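The values are calculated or read from the model by the stated rules, or taken from the named source; none is laboratory data. If you're wondering where the values come from, they're calculated on a predicted model, not measured in any experiment. All Cβ positions, glycine included, derive from the backbone under ideal geometry; neighbour counts span all protein chains shown. Please note that ligands, DNA and RNA were not included when accessible areas were found on the heavy atoms of the full protein model with its side chains. Shrake-Rupley method; radii C 1.70, N 1.55, O 1.52, S 1.80 Å.
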Amino acid sequence: MPDTSSATNAVQTPVGVWTGLVRHDDETDSYTISFAPDGTIALRTSVTVGTGTWVAGEAGKFSYDLTETFTPASGRAGRVQAHVEAHIEGAAHRGVGTARIYTPDGTLVHSATAEFAGDRVGDAPADWHDAAGTAL
């Protein structure tokens, strides 16, 4: 579990809420992601909700694994599995990751490298953090 016991540590970890953009294939999508001190993640996009875990690294670096489920409004079914390596730069974070899209029966249908960039908009997890995986 990440140690967020001091204000200095809190600044060097992703704990809080971030909004940003992810670029993959020929698309750019927005997201809101919430990181909790216990190492959990909650995510919302216009077409998915997700949950996962994060771990802190050295000097503002962190990584996370995330499972996103398509919402009914997306018109799609299945899930996205993502792994991201990121770092904090002041009130922003940047990262590179891999996203894999699976059908409901688990067949891999697409894989892409993605670049993430976001800004911290809150220093505590989102109010919806614990309910993110059930927000379908």
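Numbers at a glance
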{"item": "Stretchable slack from Ser46 to Leu108, in nm (0.36 nm times residue separation minus alpha-carbon distance)", "result": "20.1 nm"}
{"item": "Rough spin-label spacing in nm, given labels placed 7 Å along Cα→Cβ, for Asp127 and Ala59", "result": "3.9 nm"}
{"item": "Range of Cα positions in the chain per principal axis (Å), largest first", "result": "43, 28, 23"}
{"item": "Per residue value of the accessible surface for the chain (all protein chains in place, 1.4 Å probe), Å²", "result": "53 Å²"}
{"item": "Local electrostatic count, His87, Cβ distance below 12 Å [Lys/Arg +1, Asp/Glu -1]", "result": "-1"}
{"item": "Contact order normalised by residue count of region 1-131, Cα under 8 Å, 6+ apart, percent", "result": "25 percent"}
{"item": "Residue-averaged 222 nm ellipticity for the chain, from DSSP H runs of 4+ at -39500 (n - 2.57), nearest 500", "result": "-1000 deg cm²/dmol"}
{"item": "Accessible-area composition of the chain, carbon plus sulfur, in percent [1.4 Å probe]", "result": "51 percent"}
{"item": "Rounded, prolate or oblate (a/c below 1.5 giving rounded, otherwise prolate when a/b exceeds b/c) for region 65-136 by Cα gyration tensor", "result": "oblate"}
{"item": "Derived scalar couplings ³J(HN,Hα) [region 21-30; Karplus, 6.51 cos²θ - 1.76 cosθ + 1.60; whole Hz; x for Gly, Pro]", "result": "10, 10, 10, 8, 6, 10, 10, 10, 10, 8"}
{"item": "Ordering of 96-104, 16-24, 29-37 by packing [mean C-beta count within 10 Å, highest first]", "result": "29-37, 16-24, 96-104"}
